[in-house]
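Below you'll find the structure, written out as structure tokens, and then a few comments.
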Amino acid sequence: MLCRMNEERRKKEELIERIIKEKGEEAFPKLIELLEDEDPEVKEIVAEVFYRFGDRAREFLFNEIQKRREKGFEKNDITNLYIVDILGDLGEKRMKNILYELMEKYDSEEALLVIYEALAKIGEGEVFLPELEYLMFEDSYRKELCEQVAMVLAHIPNERSLKILLRSLKSNEFSEDQKEFFRKAVEMILYKKPELASLIDENERRELGL
């Protein structure tokens, strides 16, 4: 079963590689179409291709999201979320206002968290910390959302983000697998802002497995 899945992924990667090899940057519009594919693996491969093109892809994707904005964003459009997620990774700060507009177009907390994360990646995440804390500890779907919340927090390297994650690690409500995800988020924060490590004493480090 695993071998068949690996073979299918390899074929998808080869198809996308062929498109890029034949058309180069001219393939970008086709890659946008592939982001609309129902297969999440295809979306993941396409995102990797855009990352590879760096600034050239960033400019194209920013222009693409601008065009979609001018036409009027469709309600709950998943492709827009993929575009802004990639742009966040590529550090596109010009999309700040676009992201705030997009928030009005999504009904689910999962979609909104993608937008929060994109904002956090460009240094605009602190304003959402009260909501992220609520989603982590009080929301009815906190167990389903907690890993996504932790990922947003990982991109907001400050004391409050760290304390939310440390509190989540002490909670009996989350599984060990989820806590391992929280630990990675803590590591990301400390990598970005090492001075925050002074907030965690040695006993707490051992207790939390950090």
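Looking at region 44-76 only, could you name the residues that are among the polar types (S, T, N, Q) and more than 17 Å from the chain's Cα centre (by Cα)?
Quick first cut of region 44-76, residues among the polar types (S, T, N, Q) only: 63, 66, 76.
Within region 44-76, ASN63, GLN66 qualify.
Looking at ILE16, ILE65, ILE32, which is the one that is at pLDDT below 80, open to solvent by less than 50 Å² (accessible area, probe 1.4 Å) and either aromatic (Phe, Trp, Tyr) or in the same structural domain as LYS105 (by the TED database) (or both)?
After applying the criteria, what remains is ILE16.
Every residue in region 183-206 that is over 15 Å from PRO157 (Cβ atoms) and at pLDDT 90 or above, please.
ARG183
Can you name the helices (runs of 4 or more DSSP H) wholly within region 77-137 that have at least 1 residues being under 12 Å from the mean Cα position of the chain (by Cα) and under 23 Å from GLU36 (Cα atoms)?
Working: elements: 78-89, 96-103, 109-121, 129-137.
Hits in region 77-137: 78-89, 109-121.
Being free of Cβ contacts under 8 Å to residues at least 60 places away in the same chain and farther than 18 Å from GLU110 by Cα: is that true of LEU145 here?
Answer is no for this residue.
In region 31-68, how many residues are under 22 Å from GLY125 (Cα atoms) and among the charged types (D, E, K, R)?
Qualifying residue count, region 31-68: 1.
Kindly establish whether LEU129 is in contact with a Ser or Thr (Cβ under 9 Å, 6 or more places away or on another chain), among the hydrophobic types (A, V, I, L, M, F, W, C), open to solvent by less than 70 Å² (accessible area, probe 1.4 Å) and modelled with pLDDT of 95 or more.
Working: in contact with a Ser or Thr (Cβ under 9 Å, 6 or more places away or on another chain): yes; among the hydrophobic types (A, V, I, L, M, F, W, C): yes; open to solvent by less than 70 Å² (accessible area, probe 1.4 Å): yes; modelled with pLDDT of 95 or more: yes.
Judged against the criteria, LEU129 is a match.
Do you know which of the residues in region 138-159 that are in contact with an Asp or Glu (Cβ under 8 Å, 6 or more places away or on another chain) and assigned to a helix (DSSP H, G or I) is most open to solvent (accessible area, probe 1.4 Å)?
Of everything passing the filter in region 138-159, LYS143 is most open to solvent (accessible area, probe 1.4 Å).
The values are calculated or read from the model by the stated rules, or taken from the named source; none is laboratory data. Quick caveat, the model's predicted, so the values are computed rather than measured. All Cβ positions, glycine included, derive from the backbone under ideal geometry; neighbour counts span all protein chains shown. Surface areas here come from the heavy atoms of the whole protein model, side chains and all, with no ligands, DNA or RNA. Shrake-Rupley method; radii C 1.70, N 1.55, O 1.52, S 1.80 Å.
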